[in-house]
1. Restricting to the stretch 66-100, and then to whatever is touching a strand residue (DSSP E or B) at 6+ places or on another chain (Cβ under 7 Å) and of a type in the set (Asp, Glu), can you tell me which residue is surrounded by the most Cβ atoms within 10 Å (Cβ to Cβ)?
2. Given the conditions (1) free of Cβ contacts under 8 Å to residues at least 12 places away in the same chain; (2) touching a helix residue (DSSP H, G or I) at 6+ places or on another chain (Cβ under 7 Å); (3) aromatic (Phe, Trp, Tyr), which single one is not true for PHE55?
3. How many residues, within the stretch 30-50, are in contact with a strand residue (DSSP E or B) (Cβ under 6 Å, 6 or more places away or on another chain) and among the charged types (D, E, K, R)?
4. Output the residues belonging to the stretch 40-61 that are within 10 Å of MET78 (Cα to Cα) and of a type in the set (Ser, Thr, Tyr).
5. Only one of these conditions is not met by ASN51: (1) over 30 Å from TYR24 (Cα atoms); (2) touching a Ser or Thr at 6+ places or on another chain (Cβ under 7 Å). Which number is it?
6. Checking the structure you have, find out if any residue of the stretch 15-22 is hydroxyl-bearing (Ser, Thr, Tyr), under 14 Å from ILE97 (Cα atoms) and either out of contact with any Leu (no Cβ under 7 Å at 6 or more places or on another chain) or surrounded by 11 or more Cβ atoms within 10 Å (Cβ to Cβ) (or both).
7. Is it true that TYR52 is closer than 24 Å to GLU101 by Cα and within 22 Å of the chain's Cα centre (by Cα)?
8. Could you say whether any residue in the stretch 54-65 is at pLDDT 95 or above, acidic (Asp, Glu), in a strand (DSSP E or B) and surrounded by 11 or more Cβ atoms within 10 Å (Cβ to Cβ)?
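The values are calculated or read from the model by the stated rules, or taken from the named source; none is laboratory data. What you see is a predicted model; the values in this text were computed from it and never measured. Because the Cβ atoms are built from the backbone with ideal geometry, glycine has one as well, and the counts that use them run over all protein chains shown.
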Amino acid sequence: MKITHNDKEITFTFDRFQQRYNPYMEDEDQKLLGKYPTFTGLIVRHRKNSNYEEFGFASTIDMDYKGKDDQVGEFIVMWQGEEDTFIEMCKILEIGIHEIEC
């Protein structure tokens, strides 16, 4: 991650993809695993005590070494717009979307 700033902005720059890692493999074999996206889109639909949604970009958790699909982590950046524009932005960025209802 790279962080820069000036008088008006702070900019966080992340690599688009990260190297997969398997703690059970030799280091020289790690590059054979490929990469995974740093971010995934996340939609959280709150339904139990209230009725609202949260949208944003969350970290992706590499689960390939366990033979599982990648999982979604915490929000990194919240989206302040509408759901349809968020979904469209995820398509433009070519990242997946996870939806959670709670």
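1. So the residue we want is ASP70.
2. It fails just one condition, (1).
3. Total satisfying the criteria: 3.
4. Within the stretch 40-61, none qualify.
5. Looking at each condition in turn, ASN51 falls short on (2).
6. Quick first cut of the stretch 15-22, residues hydroxyl-bearing (Ser, Thr, Tyr) only: 21.
Keeping just the survivors that are under 14 Å from ILE97 (Cα atoms) gives none.
Within the stretch 15-22 (the criterion being hydroxyl-bearing (Ser, Thr, Tyr), under 14 Å from ILE97 (Cα atoms) and either out of contact with any Leu (no Cβ under 7 Å at 6 or more places or on another chain) or surrounded by 11 or more Cβ atoms within 10 Å (Cβ to Cβ) (or both)), the answer is no, since none of the residues qualifies.
7. In short, yes.
8. Checked against the condition, which is being at pLDDT 95 or above, acidic (Asp, Glu), in a strand (DSSP E or B) and surrounded by 11 or more Cβ atoms within 10 Å (Cβ to Cβ), the stretch 54-65 yields at least one hit.
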